[in-house]
Amino acid sequence: MQTSVTTIERFIFDQEHRYPEATGELSNLLYDIALAAKIIAAAIRRAGLVNILGTAGARNVQGEEQQKLDIIANETMKNCLNHTGRVCVMASEEDENIVPVPPEYPVGKYAVLFDPLDGSSNIDVNAAVGTIFSIYRRVSMEGRGNVGDVLQPGCKQVASGYVMYGSSTMLVYTTGQGVHGFTLDPTIGEFLLSHPRIVTPRVGMYYSVNESNFGRWERPMQVAVRGLKGDVPDMMKPKNSRYVGSLVADFHRNLIAGGIFLYPADTRNPGGKLRLLYEASPMAFIAEQAEGSATDGTNRILDIVPRNLHQRTPLVIGSREDVGFVADTLRRTASARASGPVVQPAL
Ligand code: AHG
Ligand code: MN
Ligand code: MN
């Protein structure tokens, strides 16, 4: 029986208190998110039992309105953050506009953004889902925070992370001092340090992409993905394919084992599908802190200045050399101006 463990509370506290000027507010904010994660994890674990699957607005057997898990997760995040005096404004993938702190509560110096339930279509088939969060320092000078506090480029994040509700529940975060992972011990209800200082392999084993979109990508992207599959063996060793359809799960596997995740622009999603503020930027901060990288194909994700809350972006993220290979291939193929779609090789 192990009698000495590092809880997430102790780890966050120790990390922040290396800096004499730290007030402890960021530590507490991360701990608020860890609490929300535990509540969401508990709701997800019970999902099949207590009949909270299905469509929002539907009624359960007791005639009570059912809430979909993405609504429960969204409310849980807001309720764990809005009363603490640490947050000035929030933004959620589930809300059209910024989410103010209710007037009865004080505001603080951080803006928090989140995708409360990522991969939500996986819930109905009992596959892994997640929560993604991103924290910025407030930039507005007066009032109770505004949209400018959340429309900041990813390089301004003070922390980001995700929770993965998989075979176990894990919380992975960075404050710019490396990436650290914690696993929820359900017997004591605590996140315990299980993956200190995660560094992703420079070259990965996997590529993760929804390849059913192949015919809808531009030709340079088709060439790049075929390269990952082994088209140019002198430049890139062929990779194995893995795709869950939850960014958190796909990203997490690649972070640990090494690999590349892509969600390119396609003819149905010309600006990409994933959201810059709630998905791409927080994951890009983690990737870079783990010595990987993230690009939209041309620009570093963390340099993109958002223009609106729900802005989408193409995303190529993961092991540094693999992301570099895709970016180089896009550049070379686009400049070669080759024409006509690539036909997938016959099986
Ligand atoms: P969300 O459930 O928050 O809307 O996110 C779903 C996202 C992301 O998790 C995943 O990588 C991607 O959508 C999967 O999209 P496809 O089903 O088009 O592959
Ligand atoms: Mn999502
Ligand atoms: Mn979501």
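The values are calculated or read from the model by the stated rules, or taken from the named source; none is laboratory data. What you are looking at is a predicted structure, and each value in this text was computed from that prediction instead of being measured. Neighbour counts run over all protein chains shown; Cβ positions are idealised from the backbone, glycine included.
A few points about this structure:
- Scanning region 281-299 for residues being surrounded by fewer than 20 Cβ atoms within 10 Å (Cβ to Cβ) and touching a residue at least 40 places away in the same chain (Cβ under 8 Å) gives a total of 1.
- Ala249 vs. criteria within 16 Å of ligand 2 (Cβ to nearest atom) and in contact (Cβ under 8 Å) with a residue 60 or more places away in the chain: yes
- Residue match in region 170-180 (condition: assigned to a loop (DSSP other than H, G, I, E, B) and more than 20 Å from the chain's Cα centre (by Cα)): no
- Within region 115-130, residues that are at pLDDT 90 or above and part of a strand (DSSP E or B) sit with their Cβ atoms under 6 Å from residues that are more than 9 Å from ligand 3 (Cβ to nearest atom) and aromatic (Phe, Trp, Tyr), at 6+ positions apart or across chains, in these pairs: Val129/Tyr165; Gly130/Tyr162.
- Taken over region 181-199, residues that are part of a strand (DSSP E or B), within 18 Å of Glu16 (Cα to Cα) and free of Cβ contacts under 8 Å to residues at least 24 places away in the same chain amount to 1.
- Which listed residue, of Arg137, Arg216, Arg197, is surrounded by fewer than 16 Cβ atoms within 10 Å (Cβ to Cβ) and in contact with a Lys or Arg (Cβ under 9 Å, 6 or more places away or on another chain): Arg137
- Residue in region 143-154 that is touching a residue at least 12 places away in the same chain (Cβ under 8 Å) and either in a strand (DSSP E or B) or closer than 21 Å to Val5 by Cα (or both) present: no
- Considered as a group, the residues in region 21-36 that are over 13 Å from Phe191 (Cα atoms) and assigned to a helix (DSSP H, G or I) include one that is modelled with the highest pLDDT, and that residue is Leu29.
- Hits in region 267-298 (condition: under 22 Å from Val147 (Cβ atoms) and either of a type in the set (S, T, N, Q) or at pLDDT below 95 (or both)): Ser281
- Scanning region 255-280 for residues that are touching a residue at least 60 places away in the same chain (Cβ under 8 Å), within 16 Å of ligand 2 (Cβ to nearest atom) and closer than 27 Å to Asn126 by Cβ gives Leu262, Arg275, Tyr278, Glu279, Ala280.
- Here Glu218 meets each of (1) without any contact (Cβ under 8 Å) to a residue 40 or more places away in the chain; (2) farther than 24 Å from Gly119 by Cα; (3) charged (D, E, K, R) with one exception, condition (1).
- The single residue among Asp115, Asp95, Asp124 that is within 16 Å of ligand 2 (Cβ to nearest atom) and either among the hydroxyl-bearing types (Ser, Thr, Tyr) or in contact with a Phe, Trp or Tyr (Cβ under 7 Å, 6 or more places away or on another chain) (or both) turns out to be Asp115.
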